[in-house]
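Colleague: Dropping the structure in here first, questions after.
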2 protein chains.
Amino acid sequence: MKHSNVVRFFIGLLIVGLVSCKKDVSTKLNSAISSQHPSLVLTPQGVINIRSHVGSIPIFDQTLAKVQKEVDVEIDHGYAVPIPKDYSGGYTHETHKKNYILMQKAGVLYQILEKEKYAAFVKEMLFEYAKMYPTLPIHPKTRSYARGKLFWQCLNDSNWLVYTSQAYDCIYDYLSEDERNTLEKELFKPFADFISMDNPQFFNRVHNHSTWGNVAVGMIALVMEDDQLLARALYGLKDFDLDKNLKDNDGGFINKDGKMGFFANLDEPFSPDGYYTEGPYYQRYAMYPFLIFAQGLQNKKPELQVVAYKDSVLLKGVTALLNLTDQKGNFFLLNDSQKGMSFYNTSLISAVDIAYHFGGNNPELLSIAEKQGEVTLDDAGLAVALGIKEGKSIPFVKKSVELTDGANGDEGAVGVLRSGPLELVFKYTAHGLSHGHYDKLSYALFDQGDEVVQDYGMARFVNIEQKGGGNYLKENTTWAKQTIAHNTLVSNEISHFNGDYSKGSQHHSEAYIFSVENEVVQVASAKEFNAYPETVLHRTMVIINDEDFDNPYVLDIMRVASDTTNQYDVPFYYLGQVLQTNFEYSKSEVPQLLGNANGYQHLYKEASGLATGENIKLNWILHNRFYTYTAVTSTNDQMIMARIGATDPEFNLRHEPTLILRKRNAKDALFVSTVESTGTYSPVSELAINTYSNIKHLEVVFNTRDYTAINIVTTNDKSSLFVISNHDNDKEATHKLTINDKNYEWSGSYYFE
Amino acid sequence: MKHSNVVRFFIGLLIVGLVSCKKDVSTKLNSAISSQHPSLVLTPQGVINIRSHVGSIPIFDQTLAKVQKEVDVEIDHGYAVPIPKDYSGGYTHETHKKNYILMQKAGVLYQILEKEKYAAFVKEMLFEYAKMYPTLPIHPKTRSYARGKLFWQCLNDSNWLVYTSQAYDCIYDYLSEDERNTLEKELFKPFADFISMDNPQFFNRVHNHSTWGNVAVGMIALVMEDDQLLARALYGLKDFDLDKNLKDNDGGFINKDGKMGFFANLDEPFSPDGYYTEGPYYQRYAMYPFLIFAQGLQNKKPELQVVAYKDSVLLKGVTALLNLTDQKGNFFLLNDSQKGMSFYNTSLISAVDIAYHFGGNNPELLSIAEKQGEVTLDDAGLAVALGIKEGKSIPFVKKSVELTDGANGDEGAVGVLRSGPLELVFKYTAHGLSHGHYDKLSYALFDQGDEVVQDYGMARFVNIEQKGGGNYLKENTTWAKQTIAHNTLVSNEISHFNGDYSKGSQHHSEAYIFSVENEVVQVASAKEFNAYPETVLHRTMVIINDEDFDNPYVLDIMRVASDTTNQYDVPFYYLGQVLQTNFEYSKSEVPQLLGNANGYQHLYKEASGLATGENIKLNWILHNRFYTYTAVTSTNDQMIMARIGATDPEFNLRHEPTLILRKRNAKDALFVSTVESTGTYSPVSELAINTYSNIKHLEVVFNTRDYTAINIVTTNDKSSLFVISNHDNDKEATHKLTINDKNYEWSGSYYFE
């Protein structure tokens, strides 16, 4: 037993023996323990505080017990450090992943519980890695643009180092200087060099991959107190020139403008509102390295003031993420996203705890932590546990919110309208880097946290090896990213920007109106000028709270103006089973392919009908709730009932339905529809309540370049009028308009009564 | 205020005033209150007991508060007694239904709370009905073989009378003799005559419809103390000769053998084990009238000993029903059944409470009542509430169970195998009257209460008007009842018994083995001799609990022997998304119709492949759990990947998948497969655990007329052998067999090691 360790052991005994005069002992300990380690997620003072509270902080104690049990079982089972071989989902991949998570946990347990077995476990495993690493070739799987050594991509190698740095930090004082030298020389330094110097195409860019790379290098730099490495992490590798036209596996440019390093990654993808341009699924993933490193920097380099950086963008990022979840806590599906990812993910547990601890103890975050039922086993987690214990928690109330996109907040936005059980997500952002979808002005609708009008999400089964190694499937490109896979307008069966990433990345939609102060009518409106040549799209999403209806309902006005004659399709991806339509359709004996390209090849056309110019209605049921879609049509508009799943040789797609409203030979056109959640069904009582639409008639009563007006008549013959000013969104402007001989005057960009 | 009412009012005050000496008051009340009314679900003594406990019996108090609130709201809203016009789901139907439920509740509230407003409400509404009824024509909707007056079918009229009798009973003493005379003469007597004498085709048969008819007449007879009417209820209408070949709407014979009346309905469809031949969905519906009437008879005519009748078959019926639910309390889908119906249905609340109160206070029933969270507001509900309060509840443990079918228990059975999270329902019953499906030897599998290998259920959306008025859809006959819609063998694309109801009704399958004592291996085996000419089906379902597996798994051995050459299809209705198959298949550009008739017209063929003689595997995911189906094949067996939804012009069917294993030009054949539930996926942690099959090889190592032996090799190279004796199911018989030079000796009908 080394000297420093002996000291620590005695101190451990001291604490146990002197519970009644903890305070004195703490003070003494503070000076006795090295001020240097731990310093990332734990601090010497934090460790003392944790030890003194353990047993009296329920949420922390529960997590501690759970983690201890989990690690104990694994220590008993034994571990492996296999030669890397597999893609994600495969044995070697999952084993190395398990190892870094275990090491991080064991390190923390060592600090909190002072049991040597945890330190010994980490040490032993680190030396196994140190033995293997120097002779390890590049990973044999070739799919990545930046192959790792332990894993098939540098991204996962970086994950490994981010976690392992924490473990190393926790047992730093447990190791002899010789041991530390060996580990740093054989493992950590070459590891950091490999993911940075040997892979500049991975390290030197603005991308979530690089964030992980930067943070991995930065974390180990903080532990090793290596300023040169830290500079590399913060500002990038200065001496490498990358080809600006290089693309990665996802089709994204590697680095078009030469920005790089941790701060650049903090500048670029986060808007001033904390929205991360790739969308919440990747933001969730990216937040962890940002925040975990920020925590270490706050502890080790407080002069950098990273938490306050860019008007506290990291804290805003956490709030933005929470606001981008549905009532069940699942993230909205913006760009590539797997359904079911939620604020219960461990990254969000860290994020919430760190944001609470370093961000001024916002008590709303405590209510999220309570739902999560878990905290991080570190200084931040202690702060949260104490906050909850002291009864400081207040509810995190999710309201309607618009989050701007772009580094300067001027590249469109995502608008979330919330009213009662409904949540509507309206996307008018920038492209979203390589994970972006071609879905300008698309929307999705949730009812009580269930997706009712869906965004397909991504064509990928993350970590499920038998589906393409758990990686992106080709249908992600051919289907999930295409415009027709979304609830927005497709012109001439071609995706926005012709599905061209470089073109799509140059543009963003324009926010037009976001007005949510009035509970009766909330409006989000946006325009898109670049998705199609010489064509302008203008969509307005409204949630109306009418006392004649049991629930709020959605009004959707999609206006398209073009210099050319086109075919316009607006699909409506309802989820559930058709109950009834009010329109005639003919169903063919067997489905037909809807098209040949741009995602159309993945849709079966099951049935179609021609509109007579009356409103069409689609009535359906999902999760025992009744819904109706009502749309204004023109004579000979086509209704196409289609289903996903064509040209899908490996059954990679979900066979879900859509209703497409098609206008042919149109220049300017207007698509107006409503979505109602009317009532419920109980299979237990077999009682069906309010199964039908409450809308008798939906009509466009005025439509010019300047104004569009929609009249809604309920089954009780009550009329409501919604008018939007199409070119003047000044909140103060006054408008005068005569519709059907009646005069209307109002101020502001829209009128409703 | 009438005299009797004044007395009751004073007594009410007396109780309120004398809480401290309740017992004395109770004794006095007992003699003061009429011994005649109430007498159906409440008794005078019961009412006294309830009043004395109210406020101290949580589950009863909660129900009472809920019902009171509900009735108060409705009394405030006002009510309507409209001229009948609609099918179920429509306004007049739902209104009359609501009325009878409200009257029953208001009657009970009047007895318990002694508030006149409840009695007045019932009285007023009854007089509205009495005013309307005498001139009411037959219901205008013509779909039923027995049209009612208030509703489109006598069945619903009977429902009305069963509930309304209870309401009348509760306010009997509140009414003057004149008022009672008016109601009985104008409403109740003609009502009872209409559903019996005017509709013998409805009243005089053995069928759940008639049960309701008999009970409706019987209930009102008990209240009115009309012995003649009671005899009609108990033994049927004696003087009517029905054409024995008449059929009802569902295609069932009205009355082939002349049996009728309540006791006949108790004799015939219930087996000695309490299984009701139509299946649990209809048993749930039928139990309510049986038990509610039994309760009234116990109170008014205890000498009939109806609860003890046929070895307490009604009590056994309740236990059987509970045993036919999955881990979530939903009924297994046997014959026509709507998914989601469960023991939370009010019929089951009544059934459980009555069975507890009149059936010797079985404490296991209390745990079900606790889950239901509600009791009936009557003597039985009080007994349950007191039992729970006194801590008598013990868990109702559902075990593997075989329930015989047929009045004498000799017409096949349903076998339920339970092991860990798995529940397997194996059907080898009689046809199940008019709600029966052509699905001999079919099975379904549940995992943690989720259906994994499904029975389609019925093609009907009960009470959802926009789907065929909420009634059976034509696809129920053309699809849901057909053999190909089930997990069993189809010969030559023709349904069992050629889909002929009269033929199907003459036969039943034969139970062969049911052995569940050994937790390691549970076996249910049955044979079917009549579904196809000169063809014998023998299926053996096994659940094996092997320590090498995280969960038990299913072994399925379907043996067919025929004198002729046939094509055999065995579909496998997995629910969820395909992850991987180990066999080659080609997917056609657009799906094709699988066939033209017998349900095949409703299946799209999406892909197909030819077996090479190796095991085939289908790996899929459902609710974040991984499953694998493994089947033994012969060279050129065909695998057909199909999907429900073809020839379905109104989108009445759910588009769910199936895998069909097809053997062509076969006489005798053997289908052997396993189903494993291997592991789980978390979309939150994105961790996939045990995604693959643990079975390396599945092989038929012996197959003769006398024995079939299957060898199962795990991925750990552990072999297990299962041998079944095909013709000797004697539990004591000893067997000797040599397989691959190894000798096996055992006693009993099967061997496993």
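The values are calculated or read from the model by the stated rules, or taken from the named source; none is laboratory data. In this text, all values refer to a predicted model and were calculated from it rather than measured experimentally. Glycine also receives a Cβ, built like all others from the backbone with ideal geometry; neighbour counts cover every protein chain displayed. Ligands, DNA and RNA are excluded from the accessible area calculation, which covers all protein heavy atoms including side chains. Shrake-Rupley method; radii C 1.70, N 1.55, O 1.52, S 1.80 Å.
Colleague: Looking for something crowded, with 20+ Cβ neighbours inside 10 Å and more than 32 Å from the chain's Cα centre (by Cα) - is there at least one such residue anywhere in the stretch A:89-111?
Modeller: Looking for residues that are crowded, with 20+ Cβ neighbours inside 10 Å and more than 32 Å from the chain's Cα centre (by Cα), one finds at least one in the stretch A:89-111, hence yes.
Colleague: Could you say which residue among A:Arg654, A:Arg625 is more than 20 Å from B:Gly645 (Cβ to Cβ) and basic (Lys, Arg)?
Modeller: None of the others qualify; the one that does is A:Arg625.
Colleague: Quick one: in the stretch B:472-488, of everything that is touching a Phe, Trp or Tyr at 6+ places or on another chain (Cβ under 7 Å) and in a loop (DSSP other than H, G, I, E, B), which residue is least open to solvent (accessible area, probe 1.4 Å)?
Modeller: B:Asn487
Colleague: Right, here's the next one. Answer yes or no: is there a residue in the stretch A:228-244 that is in contact (Cβ under 8 Å) with a residue 40 or more places away in the chain, open to solvent by 30 Å² or more (accessible area, probe 1.4 Å) and of a type in the set (A, V, I, L, M, F, W, C).
Modeller: Yes; the residues of the stretch A:228-244 include at least one that is in contact (Cβ under 8 Å) with a residue 40 or more places away in the chain, open to solvent by 30 Å² or more (accessible area, probe 1.4 Å) and of a type in the set (A, V, I, L, M, F, W, C).
Rundown of residues vs (1) away from chain B (no Cβ under 14 Å); (2) part of a strand (DSSP E or B); (3) open to solvent by less than 20 Å² (accessible area, probe 1.4 Å), yes/no style:
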position: A:Lys696; (1), (2), (3): yes, yes, no
position: A:Glu699; (1), (2), (3): yes, yes, no
position: A:Arg705; (1), (2), (3): yes, no, no
position: A:Ala709; (1), (2), (3): yes, yes, yes
position: A:Asn716; (1), (2), (3): yes, no, no
position: A:Leu721; (1), (2), (3): yes, yes, yes
position: A:Ile724; (1), (2), (3): yes, yes, yes
position: A:Asp728; (1), (2), (3): yes, no, no
position: A:Lys731; (1), (2), (3): yes, no, no
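Colleague: I'd like the residue in the stretch B:733-753 that is open to solvent by less than 30 Å² (accessible area, probe 1.4 Å) and without any contact (Cβ under 8 Å) to a residue 60 or more places away in the chain and, out of all such residues, is nearest to the chain's Cα centre (by Cα).
Modeller: This residue is B:Ala733.
Colleague: While we're looking at this one, here's another question. All but one of (1) of a type in the set (S, T, N, Q); (2) within 11 Å of another protein chain (Cβ to nearest Cβ); (3) within 22 Å of A:Phe446 (Cβ to Cβ) hold for A:Asn690; which doesn't?
Modeller: Going through (1) of a type in the set (S, T, N, Q); (2) within 11 Å of another protein chain (Cβ to nearest Cβ); (3) within 22 Å of A:Phe446 (Cβ to Cβ) one by one, A:Asn690 breaks only (2).
Colleague: With the requirement that a residue be modelled with pLDDT of 95 or more and over 18 Å from the mean Cα position of the chain (by Cα), what does the stretch B:442-465 give you?
Modeller: B:Asp447, B:Gln448, B:Val452, B:Val453, listed by residue number.
Colleague: Please state which of the following conditions B:Val578 fails to meet, knowing it meets all the rest: (1) open to solvent by 30 Å² or more (accessible area, probe 1.4 Å); (2) within 30 Å of A:Lys467 (Cβ to Cβ).
Modeller: (1)
Colleague: Scan the stretch B:560-605 for residues that are away from every other protein chain (no Cβ under 14 Å) and in a loop (DSSP other than H, G, I, E, B) and jot them down.
Modeller: Those that are away from every other protein chain (no Cβ under 14 Å) and in a loop (DSSP other than H, G, I, E, B): B:Asp563, B:Thr564, B:Thr565, B:Tyr573, B:Ala597, B:Asn598, B:Gly599.
Colleague: Report, by residue number, each residue of the stretch A:27-80 that is open to solvent by less than 60 Å² (accessible area, probe 1.4 Å), more than 15 Å from A:Asp378 (Cα to Cα), modelled with pLDDT of 95 or more and of a type outside the set (S, T, N, Q).
Modeller: A:Val71, A:Asp72, A:Glu74, A:Ile75, A:Gly78, A:Ala80
Colleague: Then there is this: Does B:Arg643 satisfy being open to solvent by 10 Å² or more (accessible area, probe 1.4 Å), part of a strand (DSSP E or B) and closer than 18 Å to A:Leu653 by Cα?
Modeller: It is true that B:Arg643 is open to solvent by 10 Å² or more (accessible area, probe 1.4 Å), part of a strand (DSSP E or B) and closer than 18 Å to A:Leu653 by Cα.
Colleague: Among the residues of the stretch A:291-342, how many are more than 14 Å from chain B (Cβ to nearest Cβ), among the hydrophobic types (A, V, I, L, M, F, W, C) and in a loop (DSSP other than H, G, I, E, B)?
Modeller: Counting residues in the stretch A:291-342 that are more than 14 Å from chain B (Cβ to nearest Cβ), among the hydrophobic types (A, V, I, L, M, F, W, C) and in a loop (DSSP other than H, G, I, E, B) gives 6.
Colleague: Name the residue, out of B:Ala385, B:Ala355, that is under 15 Å from B:Ala294 (Cα atoms), modelled with pLDDT of 95 or more and open to solvent by less than 20 Å² (accessible area, probe 1.4 Å).
Modeller: None of the other options fit; the residue is B:Ala355.
Colleague: Let me ask something else. Looking at this structure, is B:Thr565 assigned by TED's automatic domain parsing to the domain that holds B:Tyr629, of a type in the set (Val, Ile, Thr) and crowded, with 17+ Cβ neighbours inside 10 Å?
Modeller: No, not satisfied.
Colleague: Among the residues that make up the stretch A:659-673, is at least one of them under 23 Å from A:Val516 (Cα atoms), crowded, with 21+ Cβ neighbours inside 10 Å, among the β-branched types (Val, Ile, Thr) and assigned by TED's automatic domain parsing to the domain that holds A:Thr478?
Modeller: For the stretch A:659-673, residues under 23 Å from A:Val516 (Cα atoms), crowded, with 21+ Cβ neighbours inside 10 Å, among the β-branched types (Val, Ile, Thr) and assigned by TED's automatic domain parsing to the domain that holds A:Thr478: present.
Colleague: Let me ask something else. Evaluate the following for B:Thr535: is it open to solvent by less than 10 Å² (accessible area, probe 1.4 Å) and closer than 13 Å to B:Ser673 by Cα?
Modeller: no
Listed here are the residues, each with its yes/no results for (1) closer than 26 Å to A:Val67 by Cβ; (2) open to solvent by less than 10 Å² (accessible area, probe 1.4 Å); (3) hydrophobic (A, V, I, L, M, F, W, C).
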residue: A:Leu314; (1), (2), (3): yes, yes, yes
residue: A:Asn323; (1), (2), (3): no, no, no
residue: A:Thr346; (1), (2), (3): yes, no, no
residue: A:Glu370; (1), (2), (3): yes, no, no
residue: A:Val375; (1), (2), (3): yes, yes, yes
residue: A:Lys392; (1), (2), (3): yes, no, no
residue: A:Gly406; (1), (2), (3): no, yes, no
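Colleague: On the given criteria, is B:Ser505 away from chain A (no Cβ under 14 Å) and open to solvent by less than 40 Å² (accessible area, probe 1.4 Å)?
Modeller: So B:Ser505 fails the test.
Colleague: Residue by residue through the stretch B:148-200, note down the ones that are within 30 Å of B:Asp243 (Cα to Cα), of a type in the set (Asp, Glu) and open to solvent by less than 40 Å² (accessible area, probe 1.4 Å).
Modeller: Selection gives B:Asp157, B:Asp193.
Colleague: Which one of the conditions (1) hydroxyl-bearing (Ser, Thr, Tyr); (2) under 31 Å from the mean Cα position of the chain (by Cα); (3) more than 9 Å from chain A (Cβ to nearest Cβ) does B:Ser608 fail to meet, given that it meets all the rest?
Modeller: Evaluating B:Ser608 over (1) hydroxyl-bearing (Ser, Thr, Tyr); (2) under 31 Å from the mean Cα position of the chain (by Cα); (3) more than 9 Å from chain A (Cβ to nearest Cβ) leaves (2) as the failure.
Colleague: I would also like to ask the following. Give me the pairs: first residue in the stretch B:653-682 and within 14 Å of chain A (Cβ to nearest Cβ) and part of a strand (DSSP E or B), second residue buried (at least 22 other Cβ atoms within 10 Å of the Cβ) and among the hydroxyl-bearing types (Ser, Thr, Tyr), beta-carbon distance under 6 Å, and six or more apart or on different chains, which are they?
Modeller: If the second residue must be buried (at least 22 other Cβ atoms within 10 Å of the Cβ) and among the hydroxyl-bearing types (Ser, Thr, Tyr), the pairs left are B:Thr658/B:Tyr573; B:Gly679/B:Thr691.
Colleague: While we're looking at this one, here's another question. Of all residues in the stretch A:261-270, count the ones that are touching a helix residue (DSSP H, G or I) at 6+ places or on another chain (Cβ under 8 Å) and either among the hydroxyl-bearing types (Ser, Thr, Tyr) or in a loop (DSSP other than H, G, I, E, B) (or both).
Modeller: 1
Colleague: Next question, about the same structure. Give me the residue from the stretch A:626-640 that is in a strand (DSSP E or B) and buried (at least 21 other Cβ atoms within 10 Å of the Cβ) and, out of that set, farthest from the other protein chains (Cβ to nearest Cβ).
Modeller: A:Asp637
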